[in-house]
1. Does any residue of the range 124-138 turn out to be aliphatic (A, V, I, L, M), open to solvent by 50 Å² or more (accessible area, probe 1.4 Å) and in contact with a strand residue (DSSP E or B) (Cβ under 7 Å, 6 or more places away or on another chain)?
2. Quick check on this structure: which one of Ile129, Ile141, Ile151, Ile168 is assigned by TED's automatic domain parsing to the domain that holds Pro232 and assigned to a loop (DSSP other than H, G, I, E, B)?
3. Mind checking which residues of the range 328-346 are among the β-branched types (Val, Ile, Thr) and out of contact with any Asp or Glu (no Cβ under 9 Å at 6 or more places or on another chain)?
4. Any chance the range 86-93 includes a residue that's under 21 Å from the mean Cα position of the chain (by Cα), farther than 19 Å from Thr264 by Cα and at pLDDT 95 or above?
5. Restricting to the range 75-87, name every residue that is in contact (Cβ under 8 Å) with a residue 12 or more places away in the chain and more than 9 Å from ligand 1 (Cβ to nearest atom).
6. Quick one: in the range 77-121, of everything that is away from ligand 2 (no atom under 15 Å from the Cβ) and of a type in the set (Ser, Thr, Tyr), which residue is nearest to Arg51 (Cα to Cα)?
7. Here is a list of conditions, (1) open to solvent by less than 20 Å² (accessible area, probe 1.4 Å); (2) free of Cβ contacts under 8 Å to residues at least 12 places away in the same chain; (3) β-branched (Val, Ile, Thr), and Val165 meets all of them except one; can you say which number that is?
8. For Ala293, work out the one condition from (1) open to solvent by 20 Å² or more (accessible area, probe 1.4 Å); (2) over 24 Å from Thr33 (Cα atoms) it doesn't fulfil.
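The values are calculated or read from the model by the stated rules, or taken from the named source; none is laboratory data. Here the structure is a predicted model, which is why all the values come from computation and not from measurement. Virtual Cβ from ideal backbone geometry, glycine too; neighbours counted across all protein chains shown. These accessible areas exclude ligands, DNA and RNA; they are computed on the full protein's heavy atoms, side chains included. Shrake-Rupley method; radii C 1.70, N 1.55, O 1.52, S 1.80 Å.
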Amino acid sequence: MKTYRIATIPGDGIGKEVVPAGQQVLEALARCTQNFEFQFENFDWGADYYRQHGVMMPADGLAALRDKDAILFGSAGDPDVPDHITLWGLRLKICQGFDQYANVRPTRILPGIDAPLKRCTPDDLNWVIVRENSEGEYSGIGGRVHQGHPIEAATDVSILTRAGVERIMRFAFKLAQSRPRKLLTVITKSNAQRHAMVMWDEVALEISKEFPDVKWDKELVDAATARMVNRPATLDTIVATNLHADILSDLAAALAGSLGIAPTGNIDPERRYPSMFEPIHGSAFDIMGKGLANPIGTFWSVVMLLEHLGEFEAAKRVMAAVEAVTADASLHTGDLGGKATTAHVTAAVCALVERTEAAVA
Ligand code: IPM
Ligand code: MG
């Protein structure tokens, strides 16, 4: 029997509710297989830790995560701590520290979910956005001088490196190749940004030659938003820079019905470090502590975590349970217009995961 070591980092807000729910689903899964078990270690990092210690995570935090097989993350963000501190002190520290350079964001309209595009069937919207996760607009390079004076200046420098663009393009082409439609759209803004984005386009063209069976096109990021709404079926795999993909993935999640459903994997494709899986929603202060958070985004992230571990049958089993639960409107949380609680949805998914005695292959 294999033992997978999983770090759980609930973080802040509703992260503290959905990560334990995700752990419950993994525990339910482990109960019905002889093939693997999970060993969880929980880390109480986040804004409460910051209030006590002045940092979001301890200096040796990365070392504590280093030998895990995967990380399940909730969210970082607190009404009383500036957002750039919570983000850079925890989530980005882990993403950058472990060079999780590929951020993968699948979007589908799950059964029973009422999506806002009236002319769009679930078959028309089946995308996966690949977000460059290590550089670009989130490089962290920049500075501020003459603070408070009229001559104050501030920069956030977006850096793209050839090596960084090559590796994300190769990852995206490979992912597109593994999907039935073998279709990749490269998002750009090389009409206005005439240096780095032009290199981005050039590298895309070079890498495309390694994947002759993948059809690909380029789309300007602003035009891409209109295309996602008007012609969703023309898209399949999408690759974009850090900030472009950040924005497009919120649009994608909203078009698929709710931000509460959307999952993410922060992946180190070379597997030198543990990868980290999380729902894309934030801490949601308005509903935190009330048991109302939608755990589906975390459960779908758990599916991605299982796929990353190579446990494809187990991943399918959890996804089937998730889809059966979304199909039942009485199990919809508030973000989907329903009244179900986090606990209801979690219990329903766990019960379905455990329903058949058949061992997970
Ligand atoms: C996301 C989030 C984060 C990001 C926020 C919380 C800083 O929006 O994962 O998409 O922009 O990276
Ligand atoms: Mg975002």
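1. Narrowing the range 124-138 to residues aliphatic (A, V, I, L, M): 125, 128-130.
Going one step further and asking which of them are open to solvent by 50 Å² or more (accessible area, probe 1.4 Å), we end up with none.
Scanning the range 124-138, I find no residue that is aliphatic (A, V, I, L, M), open to solvent by 50 Å² or more (accessible area, probe 1.4 Å) and in contact with a strand residue (DSSP E or B) (Cβ under 7 Å, 6 or more places away or on another chain), so the answer is no.
2. Only one candidate qualifies: Ile151.
3. Thr333, Thr341, Val345, Thr346
4. yes
5. Asp78, Pro79, Asp80, Val81, Ile85
6. Tyr101
7. Evaluating Val165 over (1) open to solvent by less than 20 Å² (accessible area, probe 1.4 Å); (2) free of Cβ contacts under 8 Å to residues at least 12 places away in the same chain; (3) β-branched (Val, Ile, Thr) leaves (2) as the failure.
8. Failing condition for Ala293: (1).
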